[in-house]
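Worksheet for the structure shown next.
The values are calculated or read from the model by the stated rules, or taken from the named source; none is laboratory data. The structure presented is a predicted model; accordingly, all values stated were derived computationally and were not measured. Reconstructed Cβ throughout: ideal geometry from the backbone, glycine too, with neighbour counts over all protein chains shown. When the accessible area is computed, the model is the full protein with side chains, heavy atoms only, and any ligands, DNA or RNA have been set aside. Shrake-Rupley method; radii C 1.70, N 1.55, O 1.52, S 1.80 Å.
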Amino acid sequence: MTVADLQAALADLDRTLTSIETVLDPAAKKAAIADLAEQAAAPDLWDDQDRAQQVTSRLSRLQSEVDRLTSLRGRVDDLAIMIEMAEEEADAAAMEDAQRELKGLGADIEALEIRTLLSGEYDQRDALVTIRSEAGGVDAADFAAMLLRMYLRWSERHGYATEVYDISYAEEAGLKSATFAIKEPFAYGLLSVEQGTHRLVRISPFDNQGRRQTSFAGVDVLPVTEDTDHIDVPEGDIRVDVFRSSGPGGQSVNTTDSAVRITHLPTGLVVSCQNEKSQLQNKAAALRVLQSRLLERARAEKDAEMRELKGDGGNSWGSQMRSYVLHPYQMVKDLRTNHEVGNPEAVFDGDLDGFIDAGVRWRRQQGER
């Protein structure tokens, strides 16, 4: 890559970063940070722990966003100087360093650009993810376990906190279902494009004849509810059952019946939680999951009404959306965006950013049509 090529590529990145700064408005964020810092310094802040956590959490998030923008702008300016000095000194090694930094800077700016596309009502919230085994018997249950690990590894790669609320193990191997939260701003906006039916094609490790099997698993992604949502769940609308938590193969995990299953009588929705040590904690967690499901149900009904008013036949993008093929060739392909990679092992190890970025861009394009 010549000096002119490097300078042109850097100019493109500079323009992209400027447009991102316009959308994210760091000046407004700094003003909000100053206000939140004043609230955080109040001596009575922790008298209301819920409010205190909201203030400190938002302060930390906004400061992180401003620091990220500031760092990227500094790297753009530094790279321009690096390229200029490398040209003046005809330093080939410095030019190689500049090319590497250009590539890394481009990836980081692109990742931040995706954030500007997340403008949905709930996009900036934490995500609540449920994975279910579907058609395919024991292979589908094993596939559900592979997807659970994939999303937890993706979260780990990015340093996102996770909490598993409930796992229902299958009899032979794998999972019937699992529900977990990813506690990171914009986790819902990013992972909502993962919702739908995932398909796995492979030589089944559970087939004595070594035949190729196709199995399916479903992924649901919901926004975590907040106090401002006003999702009321009267005690009279729910039935609470308690049971003993169990692990793989039916092994008992606790010696007390601490797991909780909540049935929402008006809708028939059923949620459970067995991750916490006490029955009260599990009930509180299960209620949070139920509230998220009710919030999503209300949003879906509202969207359906809008589509009916528009004469829109509906959008099926959330159904079958990705194929993972391990035999006779190796490929993972998104059926909506056509984004594909030839390394399923890396994808199952949490390398999902390419698929998520393509999904966010695709969804934005669909919304603009």
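Could we say that ASP166 is open to solvent by less than 40 Å² (accessible area, probe 1.4 Å) and either modelled with pLDDT under 95 or under 30 Å from ALA11 (Cα atoms) (or both) here? Don't jump to the end; show me each part of the working.
Details: open to solvent by less than 40 Å² (accessible area, probe 1.4 Å): yes; either modelled with pLDDT under 95 or under 30 Å from ALA11 (Cα atoms) (or both): yes.
Yes: the conditions hold for ASP166.
Quick grid of which residues meet (1) in contact with a strand residue (DSSP E or B) (Cβ under 9 Å, 6 or more places away or on another chain); (2) exposed (fewer than 11 other Cβ atoms within 10 Å of the Cβ); (3) within 30 Å of GLU88 (Cβ to Cβ):
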{"position": "ALA4", "(1), (2), (3)": "no, yes, yes"}
{"position": "ARG15", "(1), (2), (3)": "no, yes, yes"}
{"position": "PRO26", "(1), (2), (3)": "no, no, no"}
{"position": "ALA31", "(1), (2), (3)": "no, no, no"}
{"position": "LEU36", "(1), (2), (3)": "no, no, no"}
{"position": "GLN54", "(1), (2), (3)": "no, no, no"}
{"position": "VAL66", "(1), (2), (3)": "no, no, no"}
{"position": "ARG73", "(1), (2), (3)": "no, no, yes"}
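I'm told GLN124 meets every condition in (1) out of contact with any helix residue (DSSP H, G or I) (no Cβ under 6 Å at 6 or more places or on another chain); (2) surrounded by 19 or more Cβ atoms within 10 Å (Cβ to Cβ) except one. Can you identify the failing condition by its number?
(2)
Report the residue count in region 268-290 for those that are surrounded by fewer than 22 Cβ atoms within 10 Å (Cβ to Cβ) and closer than 18 Å to THR225 by Cα.
Step one: filter region 268-290 for residues surrounded by fewer than 22 Cβ atoms within 10 Å (Cβ to Cβ), giving 268-270, 275-281, 283-284, 287-288.
Cutting the leftovers down to closer than 18 Å to THR225 by Cα gives us 269-270, 281, 283-284, 287-288.
So the count comes out to 7.
Of (1) touching a strand residue (DSSP E or B) at 6+ places or on another chain (Cβ under 7 Å); (2) outside any helix (DSSP H, G or I); (3) of a type in the set (D, E, K, R), GLU121 satisfies all except one. Which?
(1)
In region 193-204, is there at least one residue being part of a loop (DSSP other than H, G, I, E, B) and over 16 Å from the mean Cα position of the chain (by Cα)? Working first, answer last.
Here is the first cut: in region 193-204, the residues part of a loop (DSSP other than H, G, I, E, B) are 195, 204.
Adding the requirement that they be over 16 Å from the mean Cα position of the chain (by Cα) leaves 204.
Yes: one or more hits.
Can you name the residue in region 206-228 that is open to solvent by less than 50 Å² (accessible area, probe 1.4 Å) and not in a strand (DSSP E or B) and, of all such residues, is nearest to VAL138 (Cα to Cα)?
Residue satisfying both the conditions and the ranking: ASP207.
Against the definition (assigned to a helix (DSSP H, G or I), within 22 Å of VAL224 (Cβ to Cβ) and open to solvent by 10 Å² or more (accessible area, probe 1.4 Å)), how does ARG149 come out, yes or no? Break it down stepwise before answering.
Values: assigned to a helix (DSSP H, G or I): yes; within 22 Å of VAL224 (Cβ to Cβ): yes; open to solvent by 10 Å² or more (accessible area, probe 1.4 Å): yes.
For ARG149, the condition - assigned to a helix (DSSP H, G or I), within 22 Å of VAL224 (Cβ to Cβ) and open to solvent by 10 Å² or more (accessible area, probe 1.4 Å) - is met.
Hey, could you check region 169-214 for residues that are out of contact with any Phe, Trp or Tyr (no Cβ under 6 Å at 6 or more places or on another chain) and of a type in the set (Asp, Glu) and say which is farthest from GLN291 (Cα to Cα)?
ASP207
For PHE143, are the conditions met, namely being assigned to a strand (DSSP E or B), open to solvent by less than 10 Å² (accessible area, probe 1.4 Å) and touching a residue at least 40 places away in the same chain (Cβ under 8 Å)? Full working, then the answer.
Details: assigned to a strand (DSSP E or B): no; open to solvent by less than 10 Å² (accessible area, probe 1.4 Å): yes; touching a residue at least 40 places away in the same chain (Cβ under 8 Å): yes.
Considered against the rule, which asks whether it is assigned to a strand (DSSP E or B), open to solvent by less than 10 Å² (accessible area, probe 1.4 Å) and touching a residue at least 40 places away in the same chain (Cβ under 8 Å), PHE143 comes out as no.
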